[in-house]
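Here the structure is laid out as structure tokens; the discussion comes afterwards.
Just so you know, all these numbers are worked out from the coordinates, no wet-lab data involved. As the structure is a prediction and not an experimental result, all values here were calculated from the model. Positions of Cβ are generated from backbone atoms using ideal geometry, with glycine treated the same way; all protein chains shown enter the neighbour counts.
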Amino acid sequence: MLDLDDTTITTAVLDAIADTADPRLREIMSAVVRHAHDLVREVGLREEEWAAAVDFLTRTGQLCSPRRQEFILLSDVLGITMLVDALQNRRTFGGSENSVLGPFFREDRPEFASGADLAPDRSGIRLQVRGQVVNHRGVPVAGARVDVWHSDADGHYDSDIPGIEGSAMRGLLVTDVDGVFTFRSVAPGAYPIPGDGTVGELMRGLERPLMRPAHIHVRIVADGFAPVTTMLFRDDDPHLDADPVFGTKKSLLARFVPTVDDEGEFERVEHRFVLEPVTTDSGEGDGRR
Ligand SMILES: [Fe+2]
């Protein structure tokens with residue numbers, strides 16, 4: 001029989017899963033046990049603290065629904081989402097870097113012709129965006145499918161704005177022979193991550209801000225290339241230094257250039273997106289995706 005104490009229990013648990021047939025499951029669960037036991041030892045976790053942690057995770061699960069995913073938000077604010085992405089999606093040919101997908105992407109978005117206005121009825125600073133999609137050698141990628149979605153000037157996505165039928169500030173565009181897509185909209189504003197759940201509780205306890213810097217989400221899919229899920233961040237946003245989900249990167253900063261033409265004032269954004277070829281374990285590249 002087992003006769004364990006705090007010096008022998010970790011080895012006993014590892015022994016109990018050592019014969020797991022699935023090698024990846026064995027590897028991951030062994031690491032979970034080692035790190036979790038180390039955590040308990042390191043901080044001298046008390047019974048009431050473990051009970052509080054179980055209660056926190058229980059309530060986090062209870063908040064989840066088809067419209068809300070508090071666990072993904074928890075992963076985001078702990079930096080796990082971006083760490084997994086960084087390890088899984090290394091760019092070896094200078095390709096555009098990823099950022100978090102976030103909770104506001106929708107499959108039921110309309111497709112637009114290049115140059116369309118995605119937010120004709122929204123108020124705010126008018127915006128013109130021109131993107132070019134190229135491969136790692138700088139050759140334009142025609143026919144790439146480009147999803148864009150962003151908030152309005154007040155930081156609200158269409159799904160959170162009462163009275164919007166269908167969608168706004170989102171759409172699917174396809175690049176032309178020069179790899180170019182363009183659209184018009186309104187300039188997005190900064191917004192807070194949801195603060196009314198367990199993650200908000202945690203963030204207040206840690207005295208961390210909830211505000212995300214203003215950004216435009218972009219997802220690019222093209223045959224033969226690794227998909228890119230990323231964002232363009234307004235480069236003068238005051239929240240860039242403390243993005244609560246750690247999604248900012250220097251390469252994803254974009255200048256919103258104040259411009260005037262016959263129709264009045266607007267802001268202009270240009271960005272070049274670089275796609276990397278799909279790699280396999282036996283093909284070129286690092287074989288990690
Ligand atoms: Fe967003």
The Cα extents of the stretch 77-275 along the principal axes, largest first and rounded to whole Å, are 51, 42, 31
The alpha-carbon center of the stretch 121-155 and that of the stretch 55-95 are separated, in whole Å, by 24 Å
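Report, in debye and to the nearest 20, how large the dipole of the chain comes out about its Cα centre when Lys and Arg carry +1 and Asp and Glu carry -1 on their Cβ.
Details: 31 positive and 49 negative charges, 139 e Å.
Dipole magnitude for the chain comes out near 660 debye.
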For the stretch 77-275, percent of DSSP beta bridges that are antiparallel (nearest 5) comes out at 70 percent
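Would you tally the net charge around Trp149, using a Cβ to Cβ cut-off of less than 11 Å, leaving Trp149 out, and scoring K and R as +1, D and E as -1? Present the calculation step by step, with values, prior to reporting the outcome.
Working: positive: Arg106, Arg109, Arg170, Arg219; negative: Asp147, Asp158.
Residues close to Trp149 contribute a combined charge of +2.
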Per GNM of the chain with C-alpha springs under 10 angstrom, the most fluctuating residue out of Val100, Val43, Val174 is Val43
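Given all pairs of different Cα atoms, what value in angstroms does the Kirkwood hydrodynamic radius of the stretch 1-140 take? Walk me through the numbers on the way to the answer.
Working: mean 1/r = 0.0480 Å⁻¹.
Hydrodynamic radius (Kirkwood, Cα pairs) of the stretch 1-140 is 20.9 Å.
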In a Gaussian network model of the chain with springs linking alpha carbons closer than 10 Å, the residue among Ser65, Ser114, Ser159 that fluctuates most is Ser65
Checked against the positive end of the charge dipole of the chain (+1 on Cβ of Lys and Arg, -1 on Cβ of Asp and Glu, about the Cα centre), the farthest of Leu25, Met169, Pro238 is Met169
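Can you check what the net charge comes to around Arg219, using other residues whose Cβ is under 10 Å from the Cβ of Arg219 (Lys, Arg +1; Asp, Glu -1)?
On the way: positive: Arg145; negative: Asp147.
Residues close to Arg219 contribute a combined charge of 0.
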Other residues with Cβ under 15 Å from the Cβ of Val13 give, with Lys and Arg +1 and Asp and Glu -1, a net charge of -4
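Report, in cubic angstrom per residue, the convex hull volume of the C-alpha atoms of the stretch 1-45. Numbers along the way, then the final one.
Working: hull volume 2.7 nm³, N = 45.
Each residue corresponds to 60 Å³ of Cα convex hull volume.
Rounded to the nearest angstrom and ordered from largest down, what semi-axes does the equivalent ellipsoid of the stretch 179-232 get from its C-alpha gyration tensor (root of 5λ)?
Details: eigenvalues 203, 50, 12 Å².
Taking √(5λ) for each Cα gyration eigenvalue gives 32, 16, 8 Å.
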Between Ile80 and Ala51, the FRET efficiency computed from the C-beta separation at R0 = 30 Å comes out, to the nearest 0.05, as 0.80
